[in-house]
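Here's the structure we're looking at; comments come further down.
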Amino acid sequence: MACNHKFIRDLDLSYADWSVETLVVGTFNPEWSRSNNADWFYGRRTNNFWNVLPRIYLENELICSDKQTKLDFCRKHRIGITDLIKTINTASQEEHFNIISSFSDKAIEDNFKNDITQVNIIEILENKKTIRNVYLTRSAKNGMWRNLWKDIKSFCIDHEIYCTELLTPSNYAMYQYNKTEKQKYGSLEDFIYGRWKEKWKK
């Protein structure tokens, strides 16, 4: 039995009735979970994405906002959001529910790296030629995530599209929020914001 992405219908950016200039790419948001209260991409209350991204554009955070408000923000700033993984193909709800519900990229890599259907990001870039900036919201230095990302990165380089990896907006960023960073940034959200601001192009 497959576990699909919770927002599988939005992965191809069909929701975007605007010219997308910036594409944000995450990993996977499972349709299975007792605690998945997200109404759209990065919508779980424990994720810092909708705190950080609006601040990049000098706007108030949108963590508690509804899907339409998030869409309006993306429309205003010509942003599209998708993920790398569309489906985990042979996941068993009985056997793998807790693993998938952990929202851990490492757990996905450890258990399903050869058993996924990937979102066709290159097709999105080919269809939406206005995209000039692409951001992956995690590291892709090695392993499965590097394999999923490398062709996208190569396509971007070949087509002169700015492409980079950002610090994860999830609370897993805490592992990089060390003593030195705490002296510089007063909160985890500020730390993520600072790292993003260094790389973000408007």
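The values are calculated or read from the model by the stated rules, or taken from the named source; none is laboratory data. In this text, all values refer to a predicted model and were calculated from it rather than measured experimentally. Neighbour counts are summed over all protein chains in view; Cβ atoms, including those assigned to glycine, are modelled from backbone coordinates with ideal geometry.
Couple of notes before you dig in:
- Matching helices (runs of 4 or more DSSP H) fully within region 106-202 where at least 3 residues are exposed (fewer than 12 other Cβ atoms within 10 Å of the Cβ): 143-158, 179-184
Rundown of residues vs (1) under 18 Å from Ile122 (Cα atoms); (2) polar (S, T, N, Q); (3) surrounded by fewer than 21 Cβ atoms within 10 Å (Cβ to Cβ), yes/no style:
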residue	(1), (2), (3)
Leu13	yes, no, yes
Phe28	yes, no, no
Phe49	no, no, no
Leu53	no, no, no
Lys67	no, no, yes
Lys70	no, no, no
Phe73	no, no, yes
Lys76	no, no, yes
Ile79	yes, no, no
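- Test result for Glu31, closer than 23 Å to Ile161 by Cα and in contact with a Lys or Arg (Cβ under 6 Å, 6 or more places away or on another chain): no
- In summary, Tyr175 fulfils each of the numbered conditions (1) without any contact (Cβ under 8 Å) to a residue 40 or more places away in the chain; (2) farther than 20 Å from Arg44 by Cβ with the single exception of condition (2).
- Within region 105-119, restricting attention to residues that are of a type outside the set (D, E, K, R) and touching a residue at least 24 places away in the same chain (Cβ under 8 Å), the residue that is nearest to Pro169 (Cα to Cα) is Ile108.
- Taken over region 77-101, the criterion of being farther than 16 Å from Phe7 by Cα, outside any loop (DSSP other than H, G, I, E, B) and at pLDDT 95 or above is satisfied by His77, Ile79.
- If the condition is being over 15 Å from the mean Cα position of the chain (by Cα) and crowded, with 18+ Cβ neighbours inside 10 Å, then region 33-47 contributes only Ser33.
- Among the candidates Trp32, Trp18, the residue that is assigned to a loop (DSSP other than H, G, I, E, B), modelled with pLDDT under 95 and among the hydrophobic types (A, V, I, L, M, F, W, C) is uniquely Trp32.
- Among (1) closer than 20 Å to Leu188 by Cα; (2) more than 14 Å from the chain's Cα centre (by Cα) - the single one Leu53 does not satisfy: (2)
- For region 35-76, a tally of residues being among the β-branched types (Val, Ile, Thr), assigned to a loop (DSSP other than H, G, I, E, B) and over 27 Å from Glu109 (Cα atoms) returns 1.
- Residue under evaluation Arg138, criteria (1) of a type in the set (Lys, Arg); (2) over 16 Å from the mean Cα position of the chain (by Cα); (3) within 26 Å of Cys74 (Cα to Cα), criterion not met: (2)
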